[in-house]
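The values are calculated or read from the model by the stated rules, or taken from the named source; none is laboratory data. Computed from a predicted model, the values in this text were never measured in an experiment. We place every Cβ from the backbone using ideal geometry, glycine too, and count neighbours over all the protein chains shown. In case anyone asks, the SASA skips ligands and DNA or RNA and just uses the protein heavy atoms, side chains included. Shrake-Rupley method; radii C 1.70, N 1.55, O 1.52, S 1.80 Å.
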Amino acid sequence: SPNIGIKTVSAASNDRIVITTTSNHGFSVGETISILGTVSAVSDIAGEHEIKSVTATTFSIDIEGSNQDGENYNTDSFREDTTTFNEHTIPNTVKVTLADDETPTSGTFFVYISGQTGAPSFNGVKLATAINEDNFYFSDVNASSFSASGTTTIQQLLGVITVTGENTVDTTYADSLK
């Protein structure tokens, strides 16, 4: 599965878009990346792009026709600091209950989980499946035996990134997002 998530997207100038990632990405200027699994607010950034500039956790790409300085593309995601983790009825999955009803009510979406100390394998980019507006689930090998603890933060991602040519995305995930 992908390991780099998109936290924010903003218009910089002309057709340049700046993307903030969930962690240090290691990208270089001129490298080609693929963006997929985007939410509707940023669907125009899906596809392959050449990186134009980088910092440790941001990079920029050009999107023709995005000339909207300061545009806020981050309206279709949620961030939650209070969650409950339980074993789900589907084998090898973990059910997440959010304090606020902010999740999509159907389909799949990517989330970034951090701060989970009782089950460290839960941290990172996960493909979530909606149950209802308060609950979703994700697959994890430790789903049947874990002790959830820590101050967990879950953020719905605006999309995910892979390096073109690297086999880092499970095609099942990619196909489900088309």
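In the set (1) more than 18 Å from the chain's Cα centre (by Cα); (2) part of a loop (DSSP other than H, G, I, E, B), PRO104 fails one condition alone, (1). Hey, can you tell me all the residues within the stretch 102-113 that are within 18 Å of ILE4 (Cα to Cα), out of contact with any Lys or Arg (no Cβ under 8 Å at 6 or more places or on another chain) and either free of Cβ contacts under 8 Å to residues at least 40 places away in the same chain or open to solvent by 40 Å² or more (accessible area, probe 1.4 Å) (or both)? Correct list: THR108 only. Within the stretch 134-167, the set of residues being part of a strand (DSSP E or B) and over 25 Å from THR20 (Cβ atoms) comprises ASN135, TYR137, SER139. The residues in the stretch 1-44 that are more than 14 Å from the chain's Cα centre (by Cα) and aliphatic (A, V, I, L, M) can be counted, and the count is 6.
Filtering the stretch 9-28 to residues that are in a strand (DSSP E or B) and open to solvent by 20 Å² or more (accessible area, probe 1.4 Å) leaves SER10, ALA12, SER13, ARG16, VAL18, THR20.
Per-residue answers, yes or no, for (1) aromatic (Phe, Trp, Tyr); (2) modelled with pLDDT under 85:
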| position | (1), (2) |
| --- | --- |
| ASP81 | no, yes |
| VAL96 | no, no |
| ASP101 | no, yes |
| PHE110 | yes, no |
| ILE113 | no, no |
| GLY118 | no, yes |
| LYS126 | no, no |
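Scanning the stretch 35-55 for residues that are surrounded by 15 or more Cβ atoms within 10 Å (Cβ to Cβ) and assigned to a strand (DSSP E or B) yields ILE35, LEU36, HIS49, VAL54. Scanning the stretch 116-133 for residues that are open to solvent by less than 50 Å² (accessible area, probe 1.4 Å) and in a loop (DSSP other than H, G, I, E, B), we see that the one that is nearest to LEU98 (Cα to Cα) is GLN116. The residues of the stretch 138-150 that are within 19 Å of the chain's Cα centre (by Cα) and open to solvent by 50 Å² or more (accessible area, probe 1.4 Å) amount to a single one, SER139. Filtering ALA143, ALA99 for residues that are within 14 Å of THR84 (Cα to Cα), without any contact (Cβ under 8 Å) to a residue 24 or more places away in the chain and of a type outside the set (D, E, K, R) leaves a single hit, ALA99.
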